[in-house]
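J.: Structure in structure tokens, see below.
The values are calculated or read from the model by the stated rules, or taken from the named source; none is laboratory data. All of these numbers come straight from a predicted model, not from anything done at the bench. FYI the Cβ positions are ideal-geometry reconstructions off the backbone, even for glycines, and counts take in every protein chain you see. Note: areas computed on protein heavy atoms with side chains; ligands, DNA, RNA excluded. Shrake-Rupley method; radii C 1.70, N 1.55, O 1.52, S 1.80 Å.
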Amino acid sequence: FRRSSRTGFARLPSTGDLVFDTCAFVANGKDYGSNLNGRGAGFEGAQGVGTVTMTNCVFADNTADPRRNIDIATGYGAFFRGLKEVVLADCLFVSNGCDRAVSERASVRTTQGAAFYAQDVPVRVRNCRFVGNSSFYGASAGIVELNGKCGGSVFERCLWRGNRLVRGISYDEDGGLGALVLNLSATDQRVEVRDCGFVSNEVETVKGAA
């Protein structure tokens, strides 16, 4: 799925399961400047219905057109909302998101989840790599971000290396920034992170954590 003007692959709210094996989502969304969730791939489903499984897939260079204004955009590599579960295994997310060069040419406000963004769906992520992605933030953003009802999520043997979170030109607040950001809807929700590595990530703030 390459060089789509908007999203490389999109599933609108529906039922049923999807399985991707050894697929690539590359250089999508560059010609579209307005709000767009999931430039590489976007999946939406009814709450608690349908599973998306992706194995040995590559998400690379899904970014934005620097000539256009861009407001809050989530999940440049992939975007998941609703659904019963998302499973990612042996996937690579590289060079997705919005970097300083883009931000200086456009009125970008926030890039949440440069690699992927999940809302109201648990994710199981195993042996995945997140390398050289860039989130452009206002109040909060992450390279990988879970928002809402994502309890039960697990990250196992994953690596975050050389990712950047760049301060927005229109914002001066700090907080909620990192390679992995959890913004869960209840305190009793649990996310497990096992045997993962965080190496040489950079955050341009005094309150973030790489």
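J.: Identify all residues within region 12-53 that are more than 18 Å from Asn96 (Cβ to Cβ), at pLDDT 70 or above and part of a strand (DSSP E or B); write none if there are none.
T.: Leu18, Val19, Asp21, Glu44, Gly45, Ala46, Gln47, Gly48, Val49, Gly50, Thr51, Thr53
J.: Taking the residues in region 114-134 that are closer than 20 Å to Ala186 by Cα and assigned to a loop (DSSP other than H, G, I, E, B) as candidates, determine which candidate is least open to solvent (accessible area, probe 1.4 Å).
T.: Val121
One line per residue, one yes/no per condition, for (1) at pLDDT 90 or above; (2) loosely packed, with under 15 Cβ neighbours inside 10 Å; (3) closer than 19 Å to Arg124 by Cα:
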site: Arg164; (1), (2), (3): no, no, no
site: Ile169; (1), (2), (3): no, no, no
site: Glu173; (1), (2), (3): no, yes, no
site: Val193; (1), (2), (3): yes, yes, yes
site: Val203; (1), (2), (3): no, no, no
site: Val206; (1), (2), (3): no, yes, no
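J.: Another question, if that's okay. Kindly provide the set of residues from region 54-69 that are open to solvent by 40 Å² or more (accessible area, probe 1.4 Å), of a type outside the set (A, V, I, L, M) and modelled with pLDDT of 80 or more, ordered by number.
T.: Thr55, Asn56, Asp61
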